[in-house]
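Accompanying notes for the structure given below.
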Amino acid sequence: MRFLIISHATHKKESGQLYAYAPYVREMNLWLKYVDSVEVVAPLVNSEIGKIDLAYRHTTLKFTKIPEISLTSVVNMIRSLLVLPFILYRLFGACRRADHIHLRCPGNIGLLGCFVQIFFPNKAKTAKYAGNWDPKARQPRSYRLQKYILSHTALTKNMTVLVYGQWKNQTRNIRSFFTATFKNDEKIAFSTKDYTKKLRFLSIGSLVEGKRPLLSIQIIEALQKKGIDCSLDLFGDGVLRPKLETYISEHDLEDIHIHGNETKETIKSYLETSHFLILASKSEGWPKVLAEAMFYGVIPISTRISCVPFMLGEGGRGILIEPNLGEATQEILNYLKQKNTFEQMSKNGLEWSQHYTLDYFESEIKKLLQN
């Protein structure tokens, strides 16, 4: 099988290997176990390999470079329009060569892929929609357009669209799916954490506006002012890091630390010893950090977005908060007054998350490719 990946993810090359964002590549490497050859069509950047980059694993891999496109400014829009014919030419060529077309959505390149795949109705296709599939969610027009094309069975034929969460009134090609980080052999037995001593909070994700890292910091600051002995370790990097570091310094928040991007092993070591994870995002698909936290008995605290209420069992496996400092802090304080609920919540989360392992994920991918 000649397998094609169309992705907006920026890629890097070093020593003859192709790298990209580790969680995405780790997933794709599972798909690639069951194909004869693979072609990746994506943007390429000239930068160093970082801690969160991972190499594709396949002996027959072809990389087709396309320019990045952006609509964030007039200059970027003009540039994108100029390179659009070249990108479409490359996408059509790659789709002709492929036996199976795999789209990564949502994203600008994914949107173009949605249009191009229409002209290949007889080819086997899958799409991974890694964003929020909630039909009621307020989203950019390009995201709504991708969802419309993917779910329109007259336009999109012979495709299985993998989405996060379970939503009513979906077309027959939409399939509820999941993602995973840990294997069966990484499971641990449930053990009770001590919630009577210093509480350790984690925040994992890019330091960008959409993730609201400042709100996570301010929640911990507010809890400390209420007399709660707690700390926060943030993992991730992004444009907001200098601003966040300044805020931490100016407010003398000695128990809040930004570690930047770290390896899976380092993150895992913190998960094993922490009590809570905060995710105050504006939008998500299937936030893996919540499942990763629950895998090790860490209780997630998250805004009520996308399929998060489902993941958290409507409060049975975690704490759902509003994206408001006062309300979020008070909700957490309410739970801290009844710490006897934490043990069951932690156990519920661990048992649920440990069902969604990489081994199970791989078995489901294998079925998709064999259909």
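The values are calculated or read from the model by the stated rules, or taken from the named source; none is laboratory data. Predicted model, so just to flag it, every value in this text is computed and none were measured. A quick note on method: Cβ atoms are made from the backbone with ideal geometry, for glycine too, and the neighbour counts reach across all protein chains shown.
Here K147 meets the list (1) touching a helix residue (DSSP H, G or I) at 6+ places or on another chain (Cβ under 9 Å); (2) assigned to a helix (DSSP H, G or I) almost entirely, failing just condition (1). Please state which one of T266, T273, T329, T303 is touching a Lys or Arg at 6+ places or on another chain (Cβ under 7 Å), outside the structural domain of K51 (by TED's automatic domain parsing) and within 23 Å of L207 (Cβ to Cβ). Checking each option against the conditions leaves just T273. Scanning region 292-306 for residues that are under 25 Å from N340 (Cβ atoms) and hydrophobic (A, V, I, L, M, F, W, C) returns A293, M294, F295, V298, I299, I301. Just so you know, in region 1-22 the residues that are surrounded by 20 or more Cβ atoms within 10 Å (Cβ to Cβ) and of a type in the set (G, A, S) include one that is farthest from H100 (Cα to Cα), and it is A20. Among the residues of region 157-186, the ones that are touching a residue at least 60 places away in the same chain (Cβ under 8 Å) and part of a loop (DSSP other than H, G, I, E, B) come to 8 in all.
For region 313-332, the criterion of being within 19 Å of the chain's Cα centre (by Cα) and in a loop (DSSP other than H, G, I, E, B) is satisfied by at least one residue.
Listed here are the strands (runs of 3 or more DSSP E) enclosed by region 1-109 that have at least 1 residues being at pLDDT 95 or above, among the hydrophobic types (A, V, I, L, M, F, W, C) and under 23 Å from K366 (Cα atoms): 2-6, 17-21, 37-42, 53-55, 61-65, 100-105.
Selection of region 51-104 for residues being closer than 15 Å to S7 by Cβ and either charged (D, E, K, R) or surrounded by fewer than 14 Cβ atoms within 10 Å (Cβ to Cβ) (or both) yields D53, K62, K65, E68, R90, R104. Residues in region 231-266 that are more than 20 Å from the chain's Cα centre (by Cα), surrounded by fewer than 16 Cβ atoms within 10 Å (Cβ to Cβ) and not in a loop (DSSP other than H, G, I, E, B): P242, K243, E245, T246, S249, E250, H257.
Within the set S346, S306, the sole residue that is under 18 Å from L199 (Cβ atoms) and buried (at least 17 other Cβ atoms within 10 Å of the Cβ) turns out to be S346. When the residues of region 267-301 are filtered to those that are outside any loop (DSSP other than H, G, I, E, B) and of a type in the set (K, R), the one that is modelled with the highest pLDDT is K268.
Taking the criterion of being touching a helix residue (DSSP H, G or I) at 6+ places or on another chain (Cβ under 8 Å), touching a residue at least 60 places away in the same chain (Cβ under 8 Å) and β-branched (V, I, T), would at least one residue in region 304-315 satisfy it? Scanning region 304-315, I find no residue that is touching a helix residue (DSSP H, G or I) at 6+ places or on another chain (Cβ under 8 Å), touching a residue at least 60 places away in the same chain (Cβ under 8 Å) and β-branched (V, I, T), so the answer is no.
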